[in-house]
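Reading through the structure tokens given below for one structure.
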Amino acid sequence: MVKKQKISKNLSIDQLKEQLARSQADYQNLEKRIEQQRQLFITLATSTIISKMIDVLDDLYITQSHLKDQGLEIAINKFIAVLKVEGLEEIIADSQEFDPNLMDCLEVKKGIENQVLEVRKKGYKLNGQVIRPAQVIVGKQSN
């Protein structure tokens, strides 16, 4: 909030210069805050749209697993390339150690302790932030 300052006729040149410098600094800080808010808005909007596109990508993967169509595979690869340009990256989970920061455990089965046995749904990061954790089945040694 910019404060209105009462200007007195008795102010010296140094005092006026100081007021001007403060006003300029306030204005620069305001510009920075506006830019940060704009970037936050863009990030949130992008995240929302990309999340919806990931659901469509899931459907395309399911369709491709049934049809085995080469044309559909090409379209899926182009779609993935566009999403990658926007900052999307897949979370590699298969045969990895379970990481609760990147994965949701849906089920535990007999297998190598704490290792992902199966990926039910791929997970994704957008610009380094997890927007959908991978849904996995994790191994546990039976006692």
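Brief remarks on what is shown
- Around the Cα centre of the chain, unit charges on the Cβ atoms of Lys, Arg, Asp and Glu (plus for the first two, minus for the last two) sum to a dipole of about 960 debye.
- Per-selection Kirkwood Rh - the chain (Cα, Å, 1 d.p.): 19.6
- For the chain, the relative contact order is 18 percent, taking Cα pairs closer than 8 Å that sit 6 or more residues apart in sequence and dividing their mean separation by the residue count.
- In this structure, Gln64 and Glu89 have a Cβ-Cβ separation that, at R0 = 22 Å, corresponds to a calculated FRET efficiency of about 0.60.
- Near-label residues of the stretch 107-143 by backbone N, under 11 Å of a point 7 Å along Cα→Cβ of Val56: none
- Listed residue (Val56, Ile74, Ser12) projecting farthest to the positive dipole end of the chain, Cβ model: Ser12
- Seen against the Cα atoms of the chain and their longest principal axis, helix 70-85 is set at about 30 degrees.
- log10 of Debye I(q)/I(0), alpha-carbon scatterers only, for the stretch 89-143 at 0.31 Å⁻¹: -1.18
- Under a model in which nothing but the beta-carbon of Lys, Arg (+1) and Asp, Glu (-1) is charged, the stretch 12-86 shows a dipole of about 120 debye around its Cα centre.
- Net charge over other residues, Cβ less than 13 angstrom from the Cβ of Glu107 (K, R count +1; D, E count -1): +3
- With a Förster radius of 41 Å applied to the beta-carbon distance between Ile74 and Glu107, the computed FRET efficiency rounds to 0.75.
- DSSP bridge orientation in the chain - percent antiparallel, rounded to nearest 5: 65
Bear in mind these aren't lab numbers, they're just calculated from the coordinates by the rules spelled out. All values reported here derive from a predicted model rather than from experimental measurement. Note that each Cβ is placed from the backbone with ideal geometry, even for glycine, and that neighbours are counted across all protein chains shown.
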